[in-house]
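Peer 1: Got a structure for you, written out below as structure tokens; questions coming shortly.
The values are calculated or read from the model by the stated rules, or taken from the named source; none is laboratory data. No experiment lies behind these values; they were computed from the predicted model shown. Note that each Cβ is placed from the backbone with ideal geometry, even for glycine, and that neighbours are counted across all protein chains shown. Heavy atoms of the whole protein, side chains included, go into the accessibility calculation; ligands, DNA and RNA do not. Shrake-Rupley method; radii C 1.70, N 1.55, O 1.52, S 1.80 Å.
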Amino acid sequence: SIDKTFVHPDDFEMCERMMNDVIQKDLLYSDRFECRMMTKSGSIRFMSVIGSKINFQNQQALQIISHDITEQKLAEKALRKSAAFEHTVSRITSQFVGKEINDESIYRALSVMGQWSEASRVSLYRIYDGGLNLCCSHTWCAEGVTSYLNQMRTLPEKNITWWKKQWKSKSLLHLPDI
């Protein structure tokens, strides 16, 4: 039987089934499979595992060889996220290339951004009066989220300095909560 201490609870049945197949079906080794293992500190590591039947001290035993593939899994996740972002950017730019920019196309672009980033709200602010003032012109809200477009229409002057620093840095502006 497999020690439940180290196998992630969601993967335990699959791991046990793969190892039992080696024993009960008289296989020399299992198919390679992936599972999550728990470290003593409680962190989760992704493992590539193969089990094989061996003779140890004149008794049949199950040898399990595992390889830590956590970094590979994290890299794969980052690649999927990057590809999803590129697809999102493509969807957004397709709203505007060779087309008239209108409220509907802006709203669709904000919707795509919001859904991709799992945001509750995405807003477009326009700069006017030579960069002295900001005005919220469009807002998309996720289902069940109240729109504050009218209340957020114009930002207080004290916030303009902070916003200018953000624009000048030319980085993505992410406000986790407003």
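Peer 1: Give the residue that is farthest from Phe12 (Cα to Cα), with candidates limited to residues of the range 30-42 that are open to solvent by 50 Å² or more (accessible area, probe 1.4 Å) and out of contact with any strand residue (DSSP E or B) (no Cβ under 7 Å at 6 or more places or on another chain).
Peer 2: By that ranking, first place goes to Ser41.
Peer 1: Anything in the range 18-35 that is assigned to a loop (DSSP other than H, G, I, E, B) and not acidic (Asp, Glu)? List them, or say none.
Peer 2: Lys25, Leu27, Leu28, Ser30, Arg32
Peer 1: Here's something else I'd like to know. Test Ser52 against the stated conditions and say whether it is open to solvent by less than 80 Å² (accessible area, probe 1.4 Å), part of a strand (DSSP E or B), farther than 18 Å from Thr5 by Cα and of a type outside the set (A, V, I, L, M).
Peer 2: Values: open to solvent by less than 80 Å² (accessible area, probe 1.4 Å): yes; part of a strand (DSSP E or B): yes; farther than 18 Å from Thr5 by Cα: yes; of a type outside the set (A, V, I, L, M): yes.
Yes, satisfied.
Peer 1: Checking the structure you have, find out if any residue of the range 78-85 is of a type in the set (A, V, I, L, M), over 30 Å from His138 (Cβ atoms) and either assigned to a helix (DSSP H, G or I) or at pLDDT below 85 (or both). Spell out how you get there, then give the answer.
Peer 2: Of the range 78-85, the ones of a type in the set (A, V, I, L, M) are 78-79, 83-84.
Then keep just the ones that are over 30 Å from His138 (Cβ atoms); that gives 78-79.
Within this subset, residues satisfying the condition of being either assigned to a helix (DSSP H, G or I) or at pLDDT below 85 (or both) are 78-79.
Checked the range 78-85: at least one residue is of a type in the set (A, V, I, L, M), over 30 Å from His138 (Cβ atoms) and either assigned to a helix (DSSP H, G or I) or at pLDDT below 85 (or both).
Peer 1: Quickly run through the range 89-137 and pick out the residues that are exposed (fewer than 10 other Cβ atoms within 10 Å of the Cβ) and either assigned to a strand (DSSP E or B) or modelled with pLDDT under 80 (or both).
Peer 2: Selection gives Asp129, Gly130.
Peer 1: Can you say whether Asp21 is among the acidic types (Asp, Glu) and open to solvent by less than 60 Å² (accessible area, probe 1.4 Å), as far as the supplied structure shows?
Peer 2: In short, yes.
Peer 1: Does Ile65 count as part of a strand (DSSP E or B) and either loosely packed, with under 15 Cβ neighbours inside 10 Å or among the hydrophobic types (A, V, I, L, M, F, W, C) (or both)? Steps first, answer last, please.
Peer 2: Values: part of a strand (DSSP E or B): yes; either loosely packed, with under 15 Cβ neighbours inside 10 Å or among the hydrophobic types (A, V, I, L, M, F, W, C) (or both): yes.
For Ile65, the condition - part of a strand (DSSP E or B) and either loosely packed, with under 15 Cβ neighbours inside 10 Å or among the hydrophobic types (A, V, I, L, M, F, W, C) (or both) - is met.
Peer 1: Does Gln63 satisfy the condition of being among the polar types (S, T, N, Q) and over 30 Å from His8 (Cβ atoms)?
Peer 2: So Gln63 does not fit the description; no.
Peer 1: Among the numbered criteria (1) in contact (Cβ under 8 Å) with a residue 12 or more places away in the chain; (2) open to solvent by 60 Å² or more (accessible area, probe 1.4 Å), which single criterion is violated by Asn58?
Peer 2: Condition not satisfied by Asn58: (1).
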